[in-house]
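Colleague: Got a structure here, written out as structure tokens. Questions coming.
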């Protein structure tokens, strides 16, 4: 039976087992650090609240009657150490997402679980496996982005009021269903097996790209927005379905999904009822770890809207200002003769030094910024 999806902020009442605890992330830092939480590192089945920025640096399974809530003041983003960690939401657990969450590994949602995106947030993951009567609700201004393949099976239901993008192949099978008034875009194939459907349609689309939906993918009215990494450069391409009163596109980048800076600008056609394709390049990335990108569409009257967020992971061994990251005690800045400064998220100076090494062991676990000469990169202290 089809579920009814209500895209509203709602309250969940639940009972937890005797061994489960409630723990809240109150200090920015790694998931595995006890200092991040007010009641210990989370275990499967716990009631978990994230009110600050947390680095996801381990595999985790949220199961049993566990509930994970990422509130508007918090976020959960993958560690910058090069490992793609997996996240499992299984066995009647619930994830409520009111801010951004990035999982570089596989996201598994299975066995009567609920995953709710509400509040104009973005969920980014590697491969996605959604199965066994679970529920995923994406509200009208939220986006879900899969950077790999996605399978939806065994009566799993998705209510898509927003935008879902998959940079790979999508397989729907065994009464799986996607409903709502949102949009679904895949760069690869979309294939159906055994009475599955996507917005009432079960016609295979292969080869891709494939688009299904009742409106435009995003306020930008984009057909797609993609990137391709070429050595130390990145090529961006996007296509608009239509344009009205549109002045320009601004490519923006961020290292933490909080602070964004303008990178490139491309003039728009302004007015168009046909598909238009654009491209731009960012040269000499230079940053280490994960870089996030989005498009800002600026109208002539000053109003604007944003695209979904794309990610680029830089090679840990190339173009690094410093290493390692995350770090326990000492950071290394090869061939450096300039002053090194460590700042907190508000820009307050915490440490400084000169040379190729800096001991930061006295700092608590959390997010920081390293500045050296005219370069700046985010830093995660374990």
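The values are calculated or read from the model by the stated rules, or taken from the named source; none is laboratory data. As the structure is a computational prediction, the values presented were derived from the model and not from experiment. Cβ atoms come from the backbone with ideal geometry, glycine included; neighbour counts cover every protein chain shown.
Colleague: Within the range 328-335, can one find any residue that is under 24 Å from residue 103 (Cα atoms), in a strand (DSSP E or B) and modelled with pLDDT under 80?
Modeller: no
Colleague: Follow-up. Just to be sure I understand, how many residues within the range 34-47 are surrounded by fewer than 20 Cβ atoms within 10 Å (Cβ to Cβ) and either in contact with a helix residue (DSSP H, G or I) (Cβ under 6 Å, 6 or more places away or on another chain) or part of a loop (DSSP other than H, G, I, E, B) (or both)?
Modeller: 6
Colleague: Please go through the range 351-377 and pick out each residue that is under 29 Å from the mean Cα position of the chain (by Cα) and either closer than 18 Å to residue 36 by Cα or at pLDDT 70 or above (or both).
Modeller: 360, 363, 364, 365, 366, 367, 368, 369, 370, 371, 372
Colleague: Next up: With the condition kept exactly as written, say whether any residue in the range 178-201 is in contact (Cβ under 8 Å) with a residue 60 or more places away in the chain, over 22 Å from residue 228 (Cα atoms) and either crowded, with 21+ Cβ neighbours inside 10 Å or in contact with a strand residue (DSSP E or B) (Cβ under 8 Å, 6 or more places away or on another chain) (or both).
Modeller: Yes; the residues of the range 178-201 include at least one that is in contact (Cβ under 8 Å) with a residue 60 or more places away in the chain, over 22 Å from residue 228 (Cα atoms) and either crowded, with 21+ Cβ neighbours inside 10 Å or in contact with a strand residue (DSSP E or B) (Cβ under 8 Å, 6 or more places away or on another chain) (or both).
Colleague: So in the range 164-177, with the set limited to residues that are more than 25 Å from residue 309 (Cβ to Cβ) and in contact with a strand residue (DSSP E or B) (Cβ under 8 Å, 6 or more places away or on another chain), which one is surrounded by the fewest Cβ atoms within 10 Å (Cβ to Cβ)?
Modeller: Within the range 164-177, the match that is surrounded by the fewest Cβ atoms within 10 Å (Cβ to Cβ) is 174.
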